[in-house]
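Shown next, in structure tokens, is the structure this report addresses.
Just so you know, all these numbers are worked out from the coordinates, no wet-lab data involved. The shown structure was predicted, so the numbers you read here are calculated from the model rather than taken from an experiment. With ideal geometry, Cβ positions are generated from the backbone for all residues, glycine too; neighbour counts draw on all protein chains shown.
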Amino acid sequence: MSTDPKQEWDALLAANRTAEALAVLEQQARTGNAPACFRLAGLYLIGAVVPRDLPLAREFLRRAVRIGHVDAALLDVALTANGTGGPASWPTARALLDQAARSDPVAAAQRNLLAEMDLTVDGRPVRRRLSMALAKTPRILRFERLFTPAECAHVARTATDLLEPAMIVDPVTGRDAVNPIRTSDAAVIGPAREDLVIRALNHRIAAISGTETDQGEALTVLRYRPGQQYRQHLDTIGQTRNQRVLTVIVYLNDGFTGGETVFAKAGLTIRPRAGDAILFANTTANGMPDPTAQHAGLPVAQGAKWIATRWIRARAFDPWIGPEAA
Ligand SMILES: O=C(O)CCC(=O)C(=O)O
Ligand SMILES: [Fe+2]
């Protein structure tokens with residue numbers, strides 16, 4: 001076995017020798033090894049090889065931060081703001097970010113983006129946004145310049161290393177599967193990736209949709225390259241107790257051709273423009289899927305189309321358990 005403890009615990013984890021890996025990690029954590037604390041935090045956060053324990057994850061994370069682990073500090077900021085393993089506190093998260101920004105350029109860049117936003121002490125938008133009605137049935141609104149160019153770039157950058165061929169829920173097996181309906185690449189910005197900029201943008205999306213932030217599924221970035229598309233579909237889910245009632249799509253870039261969003265039944269074609277958002281209702285007044293809300297992302301002809309989608313559920317849910325639980 002290697003004498004490098006990091007290699008040792010990685011090798012043990014890879015070999016499914018979980019108990020031994022944990023013993024090494026815990027022993028290293030006791031001696032003040034920051035990577036060991038960070039790794040333990042990750043294991044308790046993911047909950048794959050050990051049962052998920054969010055408060056314990058936070059404890060190991062804070063230990064790593066105290067020893068000076070930069071990535072731990074950023075993760076701690078995100079989890080403080082969204083209330084993972086402890087109470088949510090935007091002011092505390094802001095203070096932690098300012099502290100991290102003194103030595104970490106990534107944190108400083110996030111702080112600078114936040115400084116451009118007009119936010120309440122809870123990180124919510126101060127200003128109301130005006131919309132244009134594009135259709136009545138289904139209800140479709142357009143918000144011009146919901147995100148600034150720098151915000152669009154931040155969302156795309158956050159997603160870049162997470163992009164994978166898009167999955168959709170297979171109606172037969174109920175499992176995620178690659179499906180020709182959607183041929184783009186997708187990245188889910190889950191609660192561990194929800195930095196304060198993303199969090200503030202999720203609050204902004206909640207504000208324009210008149211919903212609670214906790215009703216939104218993780219912000220999902222889609223990237224379509226030439227020929228890729230999202231064929232006609234409804235965003236609603238067949239069997240669910242917590243339906244996707246609204247969708248917000250933010251267009252993140254210009255510089256491509258094709259890729260219009262089309263609502264065939266409403267006779268509406270939307271030409272994407274960077275920073276603009278559309279909001280539409282997926283259900284009828286009685287909460288059932290609205291067939292008129294069918295829509296498609298047409299194939300991109302040239303360049304790449306980037307969007308961020310937030311599917312919004314009828315009720316708030318815990319992002320670590322998912323919208324289908326309870
Ligand atoms: O790419 C588009 O224009 C449509 C995307 C879409 O339908 C979705 O994200 O649910
Ligand atoms: Fe959709």
Nearest-0.05 FRET efficiency for GLN99 and GLU144 at R0 = 35 Å, using Cβ-Cβ distance, is 0.45
Relative contact order of segment 161-246 (C-alpha contacts under 8 Å, at least 6 apart) in percent is 30 percent
In degrees rounded to 10, the 0-90 angle between helix 54-67 Cα long axis and the longest Cα principal axis of the chain is 60 degrees
Going residue by residue through segment 229-244, the Karplus relation 6.51 cos²θ - 1.76 cosθ + 1.60 with θ = phi - 60° gives ³J(HN,Hα) values, rounded to whole Hz and with x marking Gly or Pro, of 7, 10, 5, 2, 7, 9, 7, 5, 10, x, 10, 7, 9, 9, 5, 7
Output ordering of 115-125, 35-45 (per-residue mean of other Cβ within 10 Å, highest first) is 35-45, 115-125
For LYS136, the lysines lying under 17 Å Cα to Cα, once residues fewer than eight places off in the same chain are dropped, come out as LYS265
For GLU260, other-chain or 5+-apart residues with amide H closer than 5 Å (H placed, Pro excluded) are LEU298
Diffing segment 272-283: the Karplus 3J(HN,Hα) column from phi (6.51, -1.76, 1.60, θ = phi - 60°), in whole Hz with x for Gly and Pro, holds x, 9, 3, x, 6, 10, 10, 10, 9, 8, 9, 10
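Once you have the Cα-Cα distance between ALA153 and GLN27, take 0.36 nm times their residue separation minus that, and quote the gain in nm to one decimal.
So the chain would gain 41.2 nm between ALA153 and GLN27.
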Computed over the chain: longest principal axis from alpha-carbon atoms vs helix 90-101 long axis, angle to nearest 10 degrees, is 60 degrees
Any trypsin sites (Lys or Arg not before Pro) in segment 162-239 that lie in a DSSP loop and have at most 15 other Cβ atoms within 10 Å would be ARG175
Longest principal axis of the chain (C-alpha) makes with the long axis of helix 5-14 (C-alpha) an angle, in degrees to the nearest 10, of 50 degrees
Whole-Å distance linking the alpha carbon centroid of segment 95-128 with that of segment 3-60 is 31 Å
On the formula 1/(1 + (r/R0)^6), with r taken between the Cβ atoms of VAL121 and ASP53 and R0 of 25 Å, the FRET efficiency rounded to 0.05 is 0.25
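So what is the 222 nm mean residue ellipticity for the chain from helices alone, if each DSSP H run of at least 4 adds -39500 (n - 2.57) and you divide by all residues, rounding to the nearest 500 deg cm²/dmol?
On the way: 9 runs with 112 residues, N = 326.
One gets -11000 deg cm²/dmol as the mean residue ellipticity at 222 nm.
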For segment 132-140, Karplus-derived ³J(HN,Hα) couplings (6.51, -1.76, 1.60; θ = phi - 60°; whole Hz; x for glycine and proline) come out as 10, 7, 9, 7, 9, 10, x, 6, 10
With a Förster distance of 30 angstrom and the Cβ-Cβ distance between ALA177 and ASN16, calculated FRET efficiency to the nearest 0.05 equals 0.70
